[in-house]
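Take a look at the structure set out below.
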Amino acid sequence: MPSAQGRPPFRADHIGSLLRPQALRQAFRQHAGKEISDAEFEKLQDQCIRDVVALQESVGLQVATDGEFRRGSYWGRFVERTEGFSIKPASFKFRNDAGHEVKFTAPFVKSKIRRLQALALDEFDFLRTVTKATGKITLPAPSTMHFYRCNDFADRSVYAEGKEFFDDLGKIFQQEIAELAKARCHYVQLDEVAIALLCDPAIRDEVKRSGSNPDVLVDLYIASINQAVANCPTDVTIVVHMCRGNFKGHYIGAGGYESVAERFFANTNVNHFLLEYDTSRAGDFAPLRFVPKTKGVVLGLVSTKTPALESLEGLKRRVEEAGGYIDLDRLAISPQCGFASTVAGNPVTEADERAKLALVVEAARTIWQ
């Protein structure tokens with residue numbers, strides 16, 4: 001990993017999920033309907049991953065993921081492979097700027113949780129065979145398994161309160177990260193949505209109505225990340241991606257980082273942060289003044305929610321603006337989120353995706369030449 005303390009390992013990064021080709025989207029439906037075998041499904045996934053890795057390499061990225069092509073959603077495989085989870089409706093809704101709303105589902109704890117098998121290790125084992133770039137593995141942050149149903153995250157006869165649940169959940173993350181490290185995975189990303197959403201006054205009000213304290217939850221989720229990575233080897237770079245929701249071009253919340261920035265940036269024991277900054281929903285760059293000098297920031301300036309291609313000059317201006325609050329050498333650039341947090345993907349084409357990833361690489365080369 002070509003990184004130094006206080007500097008992200010790559011000037012051009014991306015969040016991980018990429019658009020599934022039509023054949024793969026169809027295969028997910030066929031496999032769910034038992035129209036194709038496990039072996040047929042895996043074979044197609046393997047080929048699609050080879051192709052999407054080639055895409056990442058062709059635009060000049062030095063970091064590669066498998067596009068999350070083995071997952072139905074960014075957290076789905078974690079739930080499927082962990083004993084004790086079921087799925088229920090979430091308490092929130094996705095929405096877009098036109099006011100259209102979409103319901104979604106969320107994890108619910110029905111029994112004591114236990115890691116049944118590797119959650120993403122097999123993803124990395126295959127990825128490392130098809131790329132010479134640094135392979136990155138993404139995992140949902142611990143808060144994903146707790147937040148989306150507000151105060152109703154579990155059967156209370158199983159977990160009466162959060163501490164025991166997060167203790168068990170932390171062990172699952174520690175086991176997975178240890179096995180990834182043993183397999184020589186040096187880059188792990190946790191996708192954190194809840195803390196970003198707790199910057200939204202409307203969502204904070206909804207959380208209060210459910211009987212929870214938003215500020216207590218922020219501290220709980222910081223502690224849960226720290227517990228998850230507590231035994232992480234020093235040669236593994238751990239990063240947190242902050243997300244306000246990403247589904248078919250829709251989002252869940254809005255609000256700048258100011259209300260959580262000081263404690264989140266200082267108290268979260270990770271190497272750097274990938275932050276959404278593609279629209280005014282993310283607020284200004286002033287919260288970056290709280291990032292400790294030992295940590296870096298990847299600015300998510302390129303939108304994956306719209307096909308409109310940002311300008312190189314515009315990206316340069318935005319990075320310069322951020323540099324008023326944090327040293328330029330501690331910054332990098334990326335899209336604001338993945339292109340497909342679920343199989344459905346965002347309303348952009350594969351050509352749009354390629355152009356945006358290439359723009360990220362070009363901007364990085366221009367700004368940090």
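The values are calculated or read from the model by the stated rules, or taken from the named source; none is laboratory data. Computed from a predicted structure; not experimentally measured. A quick note on method: Cβ atoms are made from the backbone with ideal geometry, for glycine too, and the neighbour counts reach across all protein chains shown. Keep in mind that these areas ignore ligands, DNA and RNA; they rest on the heavy atoms of the full protein, side chains included. Shrake-Rupley method; radii C 1.70, N 1.55, O 1.52, S 1.80 Å.
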Q: Check whether at least one residue in the stretch 230-245 is under 26 Å from PHE339 (Cβ atoms), touching a Gly at 6+ places or on another chain (Cβ under 8 Å), among the polar types (S, T, N, Q) and buried (at least 16 other Cβ atoms within 10 Å of the Cβ), and report yes or no.
A: no
Q) Got a sec? Which of ARG244, ARG184 is modelled with pLDDT under 95 and in a loop (DSSP other than H, G, I, E, B)? A) ARG244
Q: Output the residue which, of all residues in the stretch 246-257 that are farther than 21 Å from LYS295 by Cβ and not small (Gly, Ala, Ser), is surrounded by the fewest Cβ atoms within 10 Å (Cβ to Cβ).
A: LYS248
Q.
For the stretch 152-170, which positions are in contact (Cβ under 8 Å) with a residue 24 or more places away in the chain and either within 23 Å of SER91 (Cα to Cα) or open to solvent by 60 Å² or more (accessible area, probe 1.4 Å) (or both)?
A. ASP152, PHE153, ALA154, ASP155, VAL158, TYR159, GLY162, PHE165, PHE166, LEU169
Q. Within the bounds of the stretch 264-277, is there any residue that is in a loop (DSSP other than H, G, I, E, B), surrounded by 15 or more Cβ atoms within 10 Å (Cβ to Cβ) and either of a type in the set (A, V, I, L, M, F, W, C) or in contact with a His (Cβ under 7 Å, 6 or more places away or on another chain) (or both)?
A. yes
Q | Filter pass, LEU309 being in contact with a helix residue (DSSP H, G or I) (Cβ under 9 Å, 6 or more places away or on another chain) and under 24 Å from CYS199 (Cβ atoms) | A | no
Q.
Regarding the stretch 95-107, can at least one residue be identified that is in contact with a Phe, Trp or Tyr (Cβ under 7 Å, 6 or more places away or on another chain), aliphatic (A, V, I, L, M) and at pLDDT below 95?
A. yes
Q.
Between ASP125, ASP205, which is open to solvent by 60 Å² or more (accessible area, probe 1.4 Å), free of Cβ contacts under 8 Å to residues at least 60 places away in the same chain, in a helix (DSSP H, G or I) and over 30 Å from GLU258 (Cβ atoms)?
A. ASP125
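Does the stretch 66-81 contain any residue that is part of a helix (DSSP H, G or I), among the small types (Gly, Ala, Ser) and crowded, with 20+ Cβ neighbours inside 10 Å? Talk me through it step by step, then tell me what you get.
We begin by selecting, within the stretch 66-81, every residue part of a helix (DSSP H, G or I); these are 76-80.
From the residues that got through so far, the ones that are among the small types (Gly, Ala, Ser) too are 76.
Retained after the next criterion (residues that are crowded, with 20+ Cβ neighbours inside 10 Å): none.
Scanning the stretch 66-81 turns up no residue that is part of a helix (DSSP H, G or I), among the small types (Gly, Ala, Ser) and crowded, with 20+ Cβ neighbours inside 10 Å.
Give the residue that is nearest to VAL319 (Cα to Cα), with candidates limited to residues of the stretch 2-43 that are touching a His at 6+ places or on another chain (Cβ under 9 Å) and without any contact (Cβ under 8 Å) to a residue 40 or more places away in the chain.
Here the answer is PHE41.
Answer yes or no: is there a residue in the stretch 158-167 that is over 12 Å from SER224 (Cβ atoms) and either within 19 Å of the chain's Cα centre (by Cα) or basic (Lys, Arg) (or both).
Going through the stretch 158-167, the residues over 12 Å from SER224 (Cβ atoms) turn out to be 158-161, 164.
In the following step, the residues that additionally are either within 19 Å of the chain's Cα centre (by Cα) or basic (Lys, Arg) (or both) were identified as none.
Looking through the stretch 158-167, none of the residues is over 12 Å from SER224 (Cβ atoms) and either within 19 Å of the chain's Cα centre (by Cα) or basic (Lys, Arg) (or both).
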(Q) Given the options ILE333, ILE326, name the one that is among the β-branched types (Val, Ile, Thr), in contact (Cβ under 8 Å) with a residue 60 or more places away in the chain and buried (at least 19 other Cβ atoms within 10 Å of the Cβ). (A) ILE333
Q: From (1) in a helix (DSSP H, G or I); (2) open to solvent by 10 Å² or more (accessible area, probe 1.4 Å), pick out the condition that doesn't hold for VAL319.
A: (2)
